[in-house]
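Structure first, then comments.
Taken together, the values in this text are just the output of simple stated rules run on the coordinates, not laboratory data. Remember, predicted model here, so these are calculated numbers, not experimental data. Counting neighbours? That spans all protein chains shown, and the Cβs are built from the backbone with ideal geometry, glycine included.
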Amino acid sequence: MRIDLHTHSTASDGTDTPAELVRNAAAAGLDVIALTDHDTTRGYAEAIAALPGLDRDLTLVTGAELSCRLDGVGLHMLAYLFDPEEPELARERELVRDDRVPRAQGMVTKLQELGVPVTWEQVARIAGDGSIGRPHVAEALVELGVVDSVSDAFVPEWLADGGRAYVGKHELDPFEAIRLVKAAGGVTVFAHPLAVKRGQVVPESAIAELAAAGLDGIEVDHTDHDAPTRDRLRALARDLGLLATGSSDYHGSRKTVRLGEWTTDPEIYGEITRRATGAFPVPGAGGTTCP
Ligand code: AMP
Ligand code: ZN
Ligand code: FE
Ligand code: FE
């Protein structure tokens, strides 16, 4: 069984529509994918509607990747199988999502002040109706020939955390995120906790504190972790009693990673589904719920 628990669609900053995403996941031979758009559940309906049309059985795990910040360090919290209607968590997602618009406008203004001929119309066109983020602004910089690729825009000169054109956004306290997701029946997994290429990361002591506060797992196998980092995280998960997951963090053509490039052990996936009470995995065409 091949399980990929972290993917993005056009509901945030991926380039596949939710329907294309599930079709591509089936074509990639996956059995389970989680849809984890940034701070939004908006892609669920379209992804679920596309499942019966697939030529193979694909189970969809509903989720989101919540933007958090701890002691000035940005971090991402994956949340799985929470009740999307639960009002307190829904309100927090909305606060983050809504703040992304003036924040992206602020980054456009900063870029203009730096002499880049980017416009809000251009960035808004790229984002479409997705939860707007830095990759959309980065793509505008690619279109303008300012940088060669989206990841080349994540540097101090441009959009990296604290970079010249960076603007912060409303983010959750990760302890609060864990509490809210749990209250909504969901399960939390700290996404790419030691992805140093994305900027500053939290110390291991913070991971221990989050574990003590009810964090369920950490994402160990991820493209942005090298082999020693993955080993270190696996040992940390063992010591702290955390579930160790693996996933692609697929963003379509906006990143080079392929669907299913990293996967989660079926036993770990089973434990996630057992802990969750807010929603159930949505079985695909064959009607088999995995596991
Ligand atoms: P935002 O939530 O708007 O601050 O943007 C964060 C998004 O930017 C994440 O989804 C990442 O996928 C992407 N991102 C962060 N760092 C990098 C990087 N170094 N290269 C490419 N994409 C990045
Ligand atoms: Zn993203
Ligand atoms: Fe992330
Ligand atoms: Fe992600």
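Overview of results
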quantity	calculated
Net lengthening on full extension, ARG125/ARG234 (0.36 nm per residue, minus Cα-Cα)	35.2 nm
Stretch gain in nm, segment GLN200-GLU176, where the contour uses 0.36 nm per residue and the Cα spacing is subtracted	6.6 nm
Calculated FRET value between ASP152 and GLU271, using beta carbons and R₀ = 51 Å, to 0.05	0.85
Local electrostatic count at ALA213 - Lys and Arg +1, Asp and Glu -1, tallied over other residues with Cβ under 13 Å	-2
Virtual spin-label span in nm between ALA45 and THR109, 7 Å along Cα→Cβ	3.4
Neighbourhood net charge (13 Å Cβ-Cβ; Lys/Arg +1, Asp/Glu -1) for TYR44	-2
Residues listed by number, the range 24-50, amide nitrogen under 13 Å from ALA90 label point at 7 Å toward C-beta	41-42
Long-range HN-HN contacts of LEU70 with modeled amide H, under 5 Å	LEU75
Dipole magnitude of the chain, debye to nearest 20 (Cβ charges: Lys/Arg +1, Asp/Glu -1, about Cα centre)	120
The range 57-146: GluC sites (Glu not before Pro) falling in loop per DSSP and having at most 14 other Cβ within 10 Å	GLU85
Label point distance in nm, ALA208-ARG56, each placed 7 Å from Cα along Cα→Cβ	4.3
Estimated 222 nm signal from helices in the chain, with DSSP H stretches of n ≥ 4 weighted -39500 (n - 2.57), rounded to 500	-11000 deg cm²/dmol
